[in-house]
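Novice: Below you will find the structure I want to go over with you.
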Ligand code: SF4
Ligand code: SF4
């Protein structure tokens, strides 16, 4: 039932921005029970949805920027309320009015960098393939089987360049026919879209799609689950239909088909963290685990909240660019879960998760206790 209130204009505006599903909410509160925020502070998606239903949202408040879009509440909601789309709509509205609370202001700088340089760091496009120097990584040419799309963090961030390099070494070893586009690659746009900047997302998406069509790309390997998500589920809105495969899926396939031979042991206790955008949003749970299980000596244990119930690291929804105070870093709890199951290595396969877990390791003085690795970094040690 529609609510008729003096704030109908606001309700219409929310609907106009794509947040119409708020009206299905019947306030059961399940979303709050499963939201990771409530392990560290009070945060109510139920309340935000209620306020939006009545057009009472305080768009200048930080609360509408808190959701990491992890998708856990959406999976539990009995009324199929689209919490993520609703938050995106509210953020679009806030951005439209130029309302950014202090903690969110860095997002404006990120948007400018994305517009100018196609990456959130303000680094030159010309440096996008520097990570690949000396690694025998070819430039993509028509007729190659795969384009490898490392994304922004693996292209520019010092820690994550090591993941791109490990990926190239593993792909080379398996004889995969692939190339990269380097300076012709732009940010996938997934995270900036979650901050409400729809125009910039569209611009980045169209730029990538045009480049891929011009270069004759058909299949794309991605390292980031955020790239996977948007290429697979959002780019088709622009009539783009490419075959997208996450590196963990390809690795499992290569090992399974005998194309990637494992010749050494990895004699360590490992736990695997499901990135939200690989697991919950795209259903990839088994391939990374099965690939790890094929490594001799590797002992895999599961953390308490795993697979569909995976505990978010906190960096999705554009939160990667927002300063999160120490006491609000629920990723610390996740790292403690990994230590509690006796893991010496936390393996995951998302640049945001790796960035955040590496920070937590230092914050919690666990750098001698547990290592953080991408799945490709484990494999490069055993081939
Ligand atoms: S779980 Fe769904 S129906 Fe229940 S309060 Fe949250 S949004 Fe509303
Ligand atoms: S999507 Fe995740 S972070 Fe956002 S409200 Fe739901 S459970 Fe909380």
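Novice: So which strands (runs of 3 or more DSSP E) stay within the range 240-351 end to end and still have 3 or more residues that are farther than 30 Å from residue 216 by Cα and within 21 Å of the chain's Cα centre (by Cα)? Write out each step before concluding.
Specialist: On the way: elements: 243-246, 269-272, 299-301, 345-348.
Because the criterion is at least 3 residues that are farther than 30 Å from residue 216 by Cα and within 21 Å of the chain's Cα centre (by Cα), the strands (runs of 3 or more DSSP E) in the range 240-351 that meet it are 345-348.
Novice: Let me ask something else about it. Name the residue, out of 89, 102, 74, that is surrounded by 18 or more Cβ atoms within 10 Å (Cβ to Cβ), more than 11 Å from ligand 2 (Cβ to nearest atom) and either over 30 Å from residue 308 (Cβ atoms) or under 26 Å from the mean Cα position of the chain (by Cα) (or both). Can you show your working first?
Specialist: On the way: 102 fails: surrounded by 18 or more Cβ atoms within 10 Å (Cβ to Cβ); 74 fails: more than 11 Å from ligand 2 (Cβ to nearest atom).
Just a single option satisfies the conditions, and that option is 89.
Novice: Taking the range 49-63 as the region of interest, how many residues are more than 18 Å from residue 27 (Cβ to Cβ) and in contact with a helix residue (DSSP H, G or I) (Cβ under 6 Å, 6 or more places away or on another chain)? Break it down into steps so the answer makes sense when it comes.
Specialist: Keep residues of the range 49-63 that are more than 18 Å from residue 27 (Cβ to Cβ), which gives 58-62.
After this cut, where a residue has to be in contact with a helix residue (DSSP H, G or I) (Cβ under 6 Å, 6 or more places away or on another chain) as well, the list is 59, 62.
Of the residues in the range 49-63, 2 are more than 18 Å from residue 27 (Cβ to Cβ) and in contact with a helix residue (DSSP H, G or I) (Cβ under 6 Å, 6 or more places away or on another chain).
Novice: So, one more: Of (1) modelled with pLDDT under 95; (2) closer than 30 Å to residue 30 by Cα, residue 302 satisfies all except one. Which?
Specialist: Among (1) modelled with pLDDT under 95; (2) closer than 30 Å to residue 30 by Cα, residue 302 violates only (1).
Novice: Please find, within the range 16-27, the residue that is farthest from ligand 1 (Cβ to nearest atom) out of those that are surrounded by 14 or more Cβ atoms within 10 Å (Cβ to Cβ) and part of a loop (DSSP other than H, G, I, E, B).
Specialist: 17
Novice: Among the candidates 207, 185, 142, 198, single out the residue that is farther than 30 Å from residue 83 by Cα and surrounded by fewer than 24 Cβ atoms within 10 Å (Cβ to Cβ). Write out each step before concluding.
Specialist: Values: 207 fails: farther than 30 Å from residue 83 by Cα; 185 fails: surrounded by fewer than 24 Cβ atoms within 10 Å (Cβ to Cβ); 198 fails: farther than 30 Å from residue 83 by Cα.
Result: 142 is the single residue among 207, 185, 142, 198 that is farther than 30 Å from residue 83 by Cα and surrounded by fewer than 24 Cβ atoms within 10 Å (Cβ to Cβ).
Novice: Now for a different question. Do we find a residue being within 16 Å of ligand 2 (Cβ to nearest atom) and exposed (fewer than 15 other Cβ atoms within 10 Å of the Cβ) anywhere in the range 105-112?
Specialist: The initial filter retains those residues of the range 105-112 that are within 16 Å of ligand 2 (Cβ to nearest atom), namely none.
Looking through the range 105-112, none of the residues is within 16 Å of ligand 2 (Cβ to nearest atom) and exposed (fewer than 15 other Cβ atoms within 10 Å of the Cβ).
Novice: Looking at 326, 264, 293, which is the one that is surrounded by fewer than 19 Cβ atoms within 10 Å (Cβ to Cβ) and without any contact (Cβ under 8 Å) to a residue 24 or more places away in the chain?
Specialist: Only one candidate passes the filter, namely 293.
Novice: Follow-up question, since we're still on this one. How about the range 29-70: which of its residues are surrounded by 14 or more Cβ atoms within 10 Å (Cβ to Cβ), assigned to a loop (DSSP other than H, G, I, E, B) and within 13 Å of ligand 1 (Cβ to nearest atom)?
Specialist: Across the range 29-70, the qualifying residues are 35, 43, 44, 67.
Novice: Among (1) in a helix (DSSP H, G or I); (2) within 16 Å of ligand 2 (Cβ to nearest atom), there is one condition residue 79 misses while meeting the rest; what is its number?
Specialist: For residue 79, the exception is condition (1).
Novice: Same structure again: Is it true that some residue in the range 302-310 is surrounded by fewer than 24 Cβ atoms within 10 Å (Cβ to Cβ), within 16 Å of ligand 1 (Cβ to nearest atom) and over 29 Å from residue 119 (Cα atoms)?
Specialist: yes
Novice: May I ask you to list the residues in the range 352-377 that are more than 18 Å from residue 167 (Cβ to Cβ) and in a helix (DSSP H, G or I)?
Specialist: 356, 357, 359, 360, 361, 362, 363, listed by residue number.
Novice: A further question follows. Scan the range 229-252 for residues that are surrounded by 15 or more Cβ atoms within 10 Å (Cβ to Cβ) and touching a strand residue (DSSP E or B) at 6+ places or on another chain (Cβ under 8 Å) and jot them down.
Specialist: In the first step, residues of the range 229-252 are kept if they are surrounded by 15 or more Cβ atoms within 10 Å (Cβ to Cβ); the result is 229-232, 234-235, 240, 242, 244-252.
Once the filter is applied, which keeps residues that are surrounded by 15 or more Cβ atoms within 10 Å (Cβ to Cβ) and touching a strand residue (DSSP E or B) at 6+ places or on another chain (Cβ under 8 Å), the range 229-252 yields 231, 232, 242, 244, 245, 246, 247, 250.
The values are calculated or read from the model by the stated rules, or taken from the named source; none is laboratory data. Remember, predicted model here, so these are calculated numbers, not experimental data. Heads up, the Cβs are rebuilt from the backbone with ideal geometry, glycines too, and the neighbour counts pull from every protein chain shown.
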